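The values are calculated or read from the model by the stated rules, or taken from the named source; none is laboratory data. All figures in this text were calculated on a predicted structure; none of them were measured in a lab. Don't worry about glycine lacking a Cβ; one is built from the backbone with ideal geometry, like all the others, and counts go over all protein chains shown. To get the accessible areas, we keep the full protein, side chains included, count just its heavy atoms, and leave off ligands, DNA and RNA. Shrake-Rupley method; radii C 1.70, N 1.55, O 1.52, S 1.80 Å.
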Amino acid sequence: MEKKRQGDSDQITREYFDSLLLEMRHLDGCIPDTTFELYGEKFQTPIMMAALSHLNNIHEDGMVEMAKGAALAEAVNWAGMGEKDELERITATGAKTIKIIKPYADNDLILERIAHAKECGVLAVGMDIDHAFNGKGEYDKVLGYDMAPKSQEEIRRFVESTSLPFVVKGVLSRQDAYKCLQAGVKGIVVSHHHGIMDYAVPPLMILPEIVKVVSGQIPIFVDCGIMSGMDVFKALALGASAVSAGRVIMPPLKEKGAQGVKELVCQMSEELKGVMARTGCPDLQHIDPSVIWQK
């Protein structure tokens, strides 16, 4: 048995997911609808790909295969760090893709990547703000690129540089959520980047507080630890607009490529639909936070 590591944010997050219980509501029930609209496009599910990177060790041309799977499932695709030609091949699949850019120290490089993403026809673009520092409190370096923290005004500059919706990933506080709103972003991802810091608050624990700050002005996405349709439902019930599935898609991607990704997303969507039916939720908009109890 694998020994638990004290302070492991992924384990803390899993335990919080599992502490949330649901009421059942059967009277006046109906077959649920899981369709989801985002930035003018309609999708069959609120389950999205996570902003993963460098999946060639999982499957040959793994990022492109993941995108193909998302397109087959009619789900939103996300793309993390990668070179320009990879993004071009990802968007050529037809997958509606949100491109996430690292917080490079060189802002001109960021603006160049934003412009390139727009040329590729992405659905939205954004930044992964939680990769600015390493664990020693120094500026991070990723694959030879220097990273740096960004100010609210720098985020505003990126927002204003493009007509695309700009999304900030790595929000895990009311403070950053408020600053994102002030900077004009069009979406945030509540995430601790797969436990990038020990003892990070679980996304679902802080989500209701962030929902109060955002107050319906922009969509809120949740990343980290989504493993099933039940997890998806809990995130939506606490105020998420949609969720990202990351590590859970890697085994089916490795085994069956795009088809494996599609099958997993469809399976998780069916699980979500089953929970919605048994909690009296006809569609995503009617998922009621009062259905959640904590043991």
Given Ile218, Ile206, which one is within 19 Å of the chain's Cα centre (by Cα), in a helix (DSSP H, G or I) and touching a residue at least 12 places away in the same chain (Cβ under 8 Å)? Ile206
In a loop (DSSP other than H, G, I, E, B), of a type in the set (A, V, I, L, M, F, W, C) and either buried (at least 18 other Cβ atoms within 10 Å of the Cβ) or free of Cβ contacts under 8 Å to residues at least 24 places away in the same chain (or both), is that true of Ala200? yes
Is segment 183-190 home to any residue that is at pLDDT 95 or above and more than 30 Å from Gly137 (Cα to Cα)? no
Please state which one of Glu65, Glu15, Glu23, Glu86 is modelled with pLDDT of 95 or more, closer than 19 Å to Asp283 by Cβ and not hydrophobic (A, V, I, L, M, F, W, C). Glu23
Could we say that Glu37 is open to solvent by 20 Å² or more (accessible area, probe 1.4 Å), at negative phi and either free of Cβ contacts under 8 Å to residues at least 60 places away in the same chain or touching a Ser or Thr at 6+ places or on another chain (Cβ under 6 Å) (or both) here? yes
Pick from segment 62-84 the residues that are more than 16 Å from the chain's Cα centre (by Cα) and under 13 Å from Arg113 (Cβ atoms): which of them is least open to solvent (accessible area, probe 1.4 Å)? Gly82
Residue, farthest from Leu123 (Cα to Cα), within segment 24-53, restricted to residues that are out of contact with any Asp or Glu (no Cβ under 9 Å at 6 or more places or on another chain) and among the charged types (D, E, K, R): Asp28
Pick out the one residue from Asp8, Asp18 that is of a type in the set (D, E, K, R) and open to solvent by 60 Å² or more (accessible area, probe 1.4 Å). Asp18
Every residue from segment 96-143 that is among the acidic types (Asp, Glu) and under 20 Å from the mean Cα position of the chain (by Cα): Asp128, Asp130
Residue list for segment 95-104, filter: open to solvent by less than 50 Å² (accessible area, probe 1.4 Å) and either under 22 Å from Ala242 (Cβ atoms) or touching a Phe, Trp or Tyr at 6+ places or on another chain (Cβ under 8 Å) (or both): Ala95, Thr97, Ile98, Lys99, Ile100, Ile101, Lys102, Tyr104
For the subset of segment 203-228 comprising residues that are surrounded by 16 or more Cβ atoms within 10 Å (Cβ to Cβ) and small (Gly, Ala, Ser), which member is farthest from Ser53 (Cα to Cα)? Ser228
